[in-house]
1. Kirkwood-based Rg over Rh for the chain (C-alpha set), two decimals?
2. Kyte-Doolittle cut-off -0.5, length cut-off 27 Å along the helix's own axis using Cα: show which whole DSSP H helices in the chain pass.
3. Please compute the modelled spin-label separation between residue 135 and residue 19, points set 7 Å along Cα→Cβ, answer in nm with one decimal.
4. With no solvent and one point on each alpha carbon, what is the Debye value of log10 I(q)/I(0) for the stretch 62-104 at q = 0.13 Å⁻¹?
5. Pulled fully out, how much extra length does the chain show between residue 159 and residue 46, if you take 0.36 nm times their separation in residues and subtract their Cα-Cα distance?
6. Here are some pairs, 17/41; 21/44; 44/107; 17/84; which of them have Cα atoms lying more than 23 Å apart in this structure?
7. Per DSSP helix of 4 or more residues, -39500 (n - 2.57); summed, then divided by the residues of the chain. What does that give at 222 nm, rounded to the nearest 500?
8. Please work out the FRET efficiency for the pair residue 102 and residue 32, using the Cβ-Cβ distance as r and a Förster radius of 25 Å; give the result to the nearest 0.05.
Amino acid sequence: SNDTVNNVTPAMPWGAKDMEKVSYVPTQAPTDPVLVSGLVKSLKDAGPNSYLMVNVSQVTYLRLDVGYSRTWEPRLLDNLDNRKELRRVLTNDDVTMYALRDQPAGKVPKADPGPIGPQVTWTPWSVVGALAALALILLLSAREVVRVAVRPGVRQLRWLQSSFWFSLPLLAVFLAALVQRFLTMK
C-alpha cells in the first residue's frame, strides 16, 4: 500500500478461508522496487510463520490508483529473489509469496475466531422497545379488525380515535429504542 492507515490495498482474494487464522499487516509498498529492505523488516517484525504476499490485485491497484509503473512488479520480485534472507514459497499466475529462510523464535498465537454468528446484545431499552413494538402490533391489528368488522357508529369512531392516540406513545417508545440501538452499535 502507499498509505497503510487510510488506504490499504486489497488484502486477500475473495473467498479466502480460515481468515481468523490470518493477521493481515499492511506494509508500505516501496515506490522504488530496489528498496525492499522495508518489506524484509516488516516480514521479520511479523514473527514466525509470516509471509510476504505480492498479488495481482495489489499490483494492479498500485499501478492504476497510485501510478506505479508496469515494470514495478517484475523489478520488485527480482529484488526480493536476490535477498538472501528470503525464499520464494509459492508462485502462480495470481500471487508470489515469500517467507524468511530462518524463522524468528517464538510461538504463533492460536487462532481466536470469536463467537459464531451475529451477536445480539440486549439493553433495557431494547427490551422496552421490543415490548412496545409487540403492543403496537397487537393494538393496530385490533384497531383494523374493529374498523373492518364492527358496524360504523359513534362507538366505533371513539374506539378508533382512542386507539390511534394510544398507539402514538408506543410508537415513540419503539422509535426511541431503535435510535438508541443505532447510536450504540459497534
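We did not get these values from a lab; they are worked out from the coordinates using the rules stated. Because the structure is a prediction, the values reported are computed rather than measured. Counting neighbours? That spans all protein chains shown, and the Cβs are built from the backbone with ideal geometry, glycine included.
1. That ratio is 1.35, to two decimals.
2. 124-149, 154-183
3. For the pair residue 19/residue 135, the computed spacing is 4.2 nm.
4. Reported log10 I(q)/I(0), two decimals: -0.35.
5. Answer, rounded to one decimal: 33.7 nm.
6. As for pairs spanning more than 23 Å Cα to Cα, those are 17/41; 17/84.
7. -14500 deg cm²/dmol
8. According to the calculation, E is roughly 0.40.
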